[in-house]
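Comments concern the structure below.
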């Protein structure tokens, strides 16, 4: 695949220092680390190896990737491996996509309390789906689903929302039969919206009562209990958006969707258009204006500031499974579902020998072929250590994915 003309790493290398100088006090350790990783990704700073074609002798240097989950260049292999595991878990039923979005007025508070309130978003959304699905007035079944946190809008501003993908049905309360959804319909979004709003705001009130919320800058007045109660009341008067998209046509569509959403970062390199005179131009879709494509131009430091809004807290898990698909009992629940649906167990995937074989197995692209002659295979002939290793210090391990 050809390298994009412009990459996020180019912007970081040219303007990252200016951003750090301007915002050093407000940047977290994980944001500093992400900037450094993206800047060094696939450069000599991380080491690599020299390969040679066993047919024509052509040599290729491959530098290691940074493996940072916020780097636009380092997600393809992780995504492909994750999708392969999900493919084995898909049931032969329609799948539905539900999006839980927090109102715009909550976004600043969420940003200042990211770990706590992102967790609350997962909790409120998952409990909403599980409760409404279990209600006999709706589906009356135990369902399972995965949820993916996104924190950005197309313009890179903070826009926290959760994408949930669920099979269209679940197990009856006694676990003896599969309860399917009505054709083309999962759960009522208006009911989902009201319960989601109530659960999230109740969680906010509890966090405030326990002294867990932080208020900085313009939000400082909310540290007063009367002001916070009034603010919550205003949030309660707002309609919260829960959007249920039409069901997917089949497992292939589910995988295609998940491939575009699971390991996505705030902006992909292909949306970048220009870096000129200290300004970055990129394409975006105005969803409030008929999904029309537009071009947004920002100062490079503002672009990077917005990009860093979406660096997640260290160790934060942004893809989670709930209900029947929760990690602890997923295998046995899926086995029971397949039995009730009269579906055979999927064949286990064979583990490849190295990352290139894994990449080919999952994507169909053979990275071992010589780019010069297209016939020979690239063979590693030399390790290129990192500069720190040359100085006698330990070297981080990497790959060329």
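The values are calculated or read from the model by the stated rules, or taken from the named source; none is laboratory data. In this text the structure is predicted, and so the values were computed from the model without any measurement. No Cβ is skipped: glycine too gets one built from the backbone with ideal geometry, and neighbour counts run over all protein chains shown.
When the stretch 43-84 is filtered for residues that are within 23 Å of residue 5 (Cβ to Cβ), out of contact with any helix residue (DSSP H, G or I) (no Cβ under 8 Å at 6 or more places or on another chain) and surrounded by fewer than 20 Cβ atoms within 10 Å (Cβ to Cβ), the ones remaining, listed by number, are 43, 60, 61, 62.
Taking the stretch 218-229 as the search range and keeping residues that are exposed (fewer than 12 other Cβ atoms within 10 Å of the Cβ) and touching a helix residue (DSSP H, G or I) at 6+ places or on another chain (Cβ under 9 Å), which one is nearest to residue 108 (Cα to Cα)?
Restricting to residues being exposed (fewer than 12 other Cβ atoms within 10 Å of the Cβ) and touching a helix residue (DSSP H, G or I) at 6+ places or on another chain (Cβ under 9 Å), the top hit is 218.
Which of the strands (runs of 3 or more DSSP E) found entirely inside the stretch 287-401 contain at least 3 residues meeting this: modelled with pLDDT of 75 or more and surrounded by fewer than 14 Cβ atoms within 10 Å (Cβ to Cβ)?
Fully inside the stretch 287-401 and qualifying: 292-299, 378-384.
Restricted to the stretch 12-41, and to residues there that are in contact (Cβ under 8 Å) with a residue 40 or more places away in the chain and within 22 Å of the chain's Cα centre (by Cα), the residue that is nearest to residue 310 (Cα to Cα) is 31. Would you confirm whether or not the stretch 221-238 contains a residue that is touching a residue at least 12 places away in the same chain (Cβ under 8 Å) and assigned to a strand (DSSP E or B)? There is no residue in the stretch 221-238 that is touching a residue at least 12 places away in the same chain (Cβ under 8 Å) and assigned to a strand (DSSP E or B). Checking the stretch 116-132 against the condition returns no match, with no residue being surrounded by fewer than 21 Cβ atoms within 10 Å (Cβ to Cβ), in the same structural domain as residue 322 (by TED's automatic domain parsing) and outside any helix (DSSP H, G or I). Candidates 200, 215, 196: the one that is outside any helix (DSSP H, G or I) and in contact with a helix residue (DSSP H, G or I) (Cβ under 8 Å, 6 or more places away or on another chain) is 215. Sub-6 Å Cβ pairs linking a first residue in the stretch 361-379 that is assigned by TED's automatic domain parsing to the domain that holds residue 50 to a second residue that is part of a loop (DSSP other than H, G, I, E, B) and at pLDDT below 90, at least 6 apart or interchain, are 361/352; 377/368; 378/368, ordered by first then second residue.
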